[in-house]
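Enquirer: Before I ask anything, let me first share the structure, which is written out below as structure tokens.
What follows draws every value from the coordinates through simple rules; no lab data is involved. What you see is a predicted model, and the numbers here were worked out from it, not measured in a lab. Methodologically, a virtual Cβ is constructed for each residue, glycine included, from the backbone with ideal geometry; neighbour enumeration extends over all protein chains shown.
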Amino acid sequence: MSVPVVLFTADLRLHDHPPLRAALDGGGPVVPLFVRDRGVADAGFAVPNRLAFLADCLRDLDGGLRERGGRLVVRSGDVVEQVCAVAAEADADEVHMAADVSAYAGRRERRLRHALEAAGRRLRVHETVTSAVAPGALTPASSDHFAVFTPYYRRWSGQPLREVLRVPRSVPVPAGIGSEDLPSRVAPAGLSPGLPEGGETAGRARLADWLRSGVAGYEDRHDDLAGDATSRLSPHLHFGTVSAVELVRRTRRAGGPGAEAFVRQVAWRDFHRQVLAARPDAAVADYRTRHDRWRSARTARADVEAWREGRTGYPVVDAAMRQLRHEGWMHNRARLLTASFLAKTLYVDWRVGARHFLDLLVDGDVANNQLNWQWVAGTGTDSRPNRVLNPVAQGRRYDPDGAYVRRWVPELAGVPGPAVHEPWKLRGADRERAAAYPEPVVGLTEGLARFRQARLPR
């Protein structure tokens, strides 16, 4: 009897899982498989924070499968070789997997399809497993993707979503398929000490808490840096421990302005995914070139290191960068202003910042990370490519009493109120309290002039 294989990738859950449901519809056992893909490590994406979160996810997924009479099969190596080997062991006619959008995911799918077909097997790829609306499902009349968010969002909002699938009661798995041990969450160098817990159990608990007590105030509080009034569901969306379809459906049922504003953010995620699916090279190349003459990590070494370490002399930037290193996560408003500071105030290549974020962010998603960086750098889909976010003005607006800065920058803990955002203006005892804090790496007027001179048409 043929036993279908379900290849888990960025969909590490049992609730609302179309590939698993399709495989179980045959009525027999299945092989739930995860491959620790050598290609991901070779590409530099197997970083400590995401490996630790992944280990949590796999252990939780295996636990959920065992509660239903099954188990997770884990292999390591080349993903195509390992999937084909397991399919042969199971005598599988079909392999089921979720669609994804990166250039690497596209190559993986093509290689896997070719290898399986050569062996007389079939690959079935399922949409809307990692997105609410599939990339390519919505297109304007004159292009293969939307390059502006607002018209995309209008279409996206009217798109019917598929029904949420219930968690299976039973997932029988044949006994003869060998598996490696599950990875464990270790503490290698570079692991953020405040990294959140991974796994579907943790993700669903956070989702329930967010819908119960967080989403109603989202519209009014989502930019409050100190209030931390965001869902923090991005790591769970990235690893697929929470379904985007279920998230949108349940949020819409909650209703109200907060729910609408939050669903809009999920739509931004899908927007970036459809851009990357259509233009895979946007992960590394300007989506819309401005013919920038960026400073590199080498030519701007001191500035880049100050930015990475949270020692730029601009408190809200430094607080955000220190939060990133400690938690492997950063508030969305903080991501925008730290990216603007690097790309426009320091005029450093956006790819330098995007790589640093991917090295630390537990939700380090190629589509969202790279295209948000491009949006801020003015090389992406932003209709105002030359806008520059002033870190002092941003700090005063989104951290008005300085609580966020004092939380992450202990050198300024004794400076009261909003004065913390301009420590170079402090006098007397306040100046003494801030003596350990660095001077600004560049004046804002100087940085703005350099950017404008480099960016203006020649």
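Enquirer: Once you wrap a convex hull around the alpha carbon atoms of the range 356-422, what is its projected area averaged over all directions, in nm²?
Expert: On the way: hull surface 23.4 nm².
It is 5.8 nm².
Enquirer: For the chain, what are the DSSP H helices with axial Cα length of 27 Å or more and mean Kyte-Doolittle hydropathy of at least 1.0?
Expert: none
Enquirer: Based on a Kirkwood Rh over C-alpha pairs, give the Stokes-Einstein translational diffusion coefficient of the range 5-129 at 37 °C and viscosity 0.692 mPa s in µm²/s.
Expert: 221 µm²/s
Enquirer: Given the convex hull over the Cα atoms of the chain, what projected area results after averaging over all orientations, in nm²?
Expert: Over all viewing directions, the chain projects a mean Cα-hull area of 22.8 nm².
Enquirer: Restricting to Cα pairs below 8 Å that are 6+ residues apart, what does the relative contact order work out to for the chain? Please round to a whole percent.
Expert: For the chain, the relative contact order is 17 percent.
Enquirer: In whole Å, what is the distance between the alpha-carbon centres of the range 29-82 and the range 93-170?
Expert: Result: 20 Å between the Cα centres.
Enquirer: A further question follows. Please list log₁₀ I(q)/I(0) at q = 0.25, 0.27 Å⁻¹ for the range 157-210, using the Debye equation with identical point scatterers on the alpha-carbon positions.
Expert: -1.13, -1.17
Enquirer: For the range 301-453, build the charge dipole from Cβ charges (+1 Lys, Arg; -1 Asp, Glu) around the Cα centre, then report which of Pro315, Val388, Pro438 sits farthest towards its positive end.
Expert: Positive-most Cα among the choices belongs to Val388.
Enquirer: Treating only the Cβ atoms of Lys and Arg (+1) and Asp and Glu (-1) as charged, compute the dipole magnitude of the chain about its Cα centre; round to the nearest 20 debye. The partial results should precede the final answer.
Expert: On the way: 66 positive and 55 negative charges, 239 e Å.
The dipole of the chain has a size of about 1140 debye.
Enquirer: Can you tell me the relative contact order of the range 5-129? Whole percent, Cα pairs under 8 Å, sequence separation 6 or more.
Expert: It comes to 33 percent, rounded to a whole number.
Enquirer: Turning to a different aspect of this structure: Using helices alone, I'd like the mean residue ellipticity at 222 nm for the chain: each DSSP H run of four-plus residues gives -39500 (n - 2.57), total over residue count, nearest 500. Spell out each step's value before the answer.
Expert: Details: 20 runs with 213 residues, N = 458.
Taken over the chain, the calculation gives -14000 deg cm²/dmol.
Enquirer: How high is the relative contact order of the range 301-453, in percent, counting Cα pairs under 8 Å that sit 6 or more residues apart?
Expert: On the way: 215 pairs, mean separation 41.8, N = 153.
In percent, rounded to a whole number, it is 27.
Enquirer: With just the Cα atoms defining each centre, how far is the range 412-441 from the range 291-334? Give it in Å.
Expert: For the range 412-441 versus the range 291-334, the Cα centre distance is 20 Å.
Enquirer: Are there GluC sites (Glu not before Pro) in the range 98-202 that DSSP marks as loop and that have at most 14 other Cβ atoms within 10 Å, and which are they?
Expert: When the GluC sites (Glu not before Pro) of the range 98-202 are filtered for loop state and at most 14 Cβ neighbours within 10 Å, Glu163, Glu180 remain.
Enquirer: When the expected Rg is taken as 2.2 N^0.38 Å, what fraction or multiple of it is the alpha-carbon Rg of the range 301-453? Present the calculation step by step, with values, prior to reporting the outcome.
Expert: Numbers: Rg = 14.9 Å, N = 153, 2.2 N^0.38 = 14.9 Å.
Expressed relative to 2.2 N^0.38 Å, the Cα Rg reads 1.00.
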